1. Work out from phi, with θ = phi - 60° and the Karplus expression 6.51 cos²θ - 1.76 cosθ + 1.60, the ³J(HN,Hα) of each residue of segment 130-142, listed in order in whole Hz, and give x for Gly and Pro.
2. Where the eigenvalues come from the Cα gyration tensor of segment 283-355, what are the semi-axes √(5λ) of the equivalent ellipsoid, largest first, in whole Å?
3. Could you derive backbone 3J(HN,Hα) for segment 87-104 from the dihedral phi with the Karplus parameters 6.51, -1.76 and 1.60 (θ = phi - 60°), listing whole Hz in sequence and x where the residue is Gly or Pro?
4. Per DSSP H run of at least 4 residues, take -39500 (n - 2.57); add these up for the chain, divide by its residues and hand me the 222 nm value, nearest 500 deg cm²/dmol.
5. Running a GNM on the chain with Cα contacts under 10 Å, which residue among Glu199, Glu328, Glu286 ends up with the highest mean-square fluctuation?
6. Select from Pro265, Pro84, Pro291 the residue whose mean-square fluctuation is largest in a Gaussian network model of the chain (Cα-Cα springs shorter than 10 Å).
7. Dipole of the chain (Lys/Arg Cβ +1, Asp/Glu Cβ -1, origin at the Cα centre): which of Val288, Phe273, Leu197 lies farthest to the positive side?
8. With no solvent and one equal point scatterer per Cα, compute the Debye intensity ratio I(q)/I(0) for the chain at 0.11, 0.12, 0.15 Å⁻¹ and report its log10, rounded to two decimals.
Amino acid sequence: MSSQAITASSTKPVIKCSSVYKVFGENAKKVLAQSNGHVDAKTFKEAGCVVGVNNASFEVYEGEIFVIMGLSGSGKSTIANLIPSLTDTTSGDIFIDGQDLLAMTSKQLIELRRNKMGMVFQNFGLLPHKTVLENIAFPLQVKGKGTDESVKRALEMVELVGLDGRENYFPRQLSGGQQQRVGIARSLAVEPDIWFLDEPFSALDPLIRKEMQDEFLRLQGVLNKTILFVTHDFNEALRLADRIAIMKDGVIEQLDTPANIVLRPATEYVRKFTEEVPREKVLKIEDVMDPEVNASQLGPLQVLKDVIIQTVAEAVLTEQKHVAVVNETGDIVGSIHASKIIHMLFGKENVADEKA
């Protein structure tokens, strides 16, 4: 789901964070109140506090894959724990479907997590003495579902994540990727509206990690969940996200679409992440096309606006005339010339400057 479609079709966010702070330390609330919102990590450290999240505000819309990306200590996992209230917020507001999370009782929070949220973590968290089927059925039984109903749902999840034939295996008999599939199946068994994934693939080797990313995108194509995904891997963020929030020292440095982050990094910190990105593997034709169309300049070749540039670059580069860019119904929505592809790949200036 593109972020353009998200913002155009959605009026109410599923998740809303407004001026959220998380400060660790005995005097956290007092020190934060005295700061009047001007949080300086060094000053807070001198007062015996550590700033985990610093004035974070964002919204996540229905069906969106919202990725929070940052290096170790950036605050990405902290903010992911604040939203389901696994960690207490120092200050700010968090809403889930319009409900004030911070005003809920402990019982209401537990019910919210059980009924609306699914969670997948880096360490899998499987119960070693239970089989694949029993692990997946476990959260359903906690909710009070009967054995037959729980097993039936668990079997559906086994099929969904491609673990047919391994229902009776124990975690120790599975590979890392298979164990993660069990964790994913277990989190989906309760049919959550919101899916939290905190570094779910970081413990996997690169090949299995790529396979799990493919599986994740396949599942999202089927289920269309609202997803908050945490990662330290910029390439993973670019591949999976509708929008990315890049964090540093508790602050969101930039929140934007993958294309805009690559083409228009807002800060020097963000720009460093984009330097080595192979643009042709990340950007779509629509990200660099010219919206203006001169029919007399067009050759016979047409390309879809939402294809990755790499897949059509050779065809565009061998076409002397401008290439028509079309949408899914075949309407021409722009054009692109071989020189634009060359400039994007090899030009020293940002291709965004050419579009501006």
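Each reported figure results from applying straightforward, stated rules to the coordinates on display, with no laboratory input. Worth saying up front: this structure is predicted, and the values here are computed from it rather than measured. Here the Cβ positions follow ideal geometry from the backbone for every residue, glycine too, while neighbour counts run over all protein chains shown.
1. Listing the rounded values in order: 10, 6, 3, 4, 5, 4, 6, 6, 3, x, 5, 5, 4 Hz.
2. Values: eigenvalues 64, 32, 29 Å².
In descending order the semi-axes read 18, 13, 12 Å.
3. 10, 6, 7, 6, 7, x, 10, 10, 10, 10, 6, x, 8, 6, 4, 6, 9, 7
4. It lands at -11500 deg cm²/dmol.
5. Largest GNM mean-square fluctuation: Glu328.
6. Looking only at Pro265, Pro84, Pro291, the biggest GNM fluctuation is shown by Pro291.
7. Final value for the positive-end residue is Leu197.
8. Once normalised to I(0) and log-transformed, intensities are -0.85, -0.98, -1.28.
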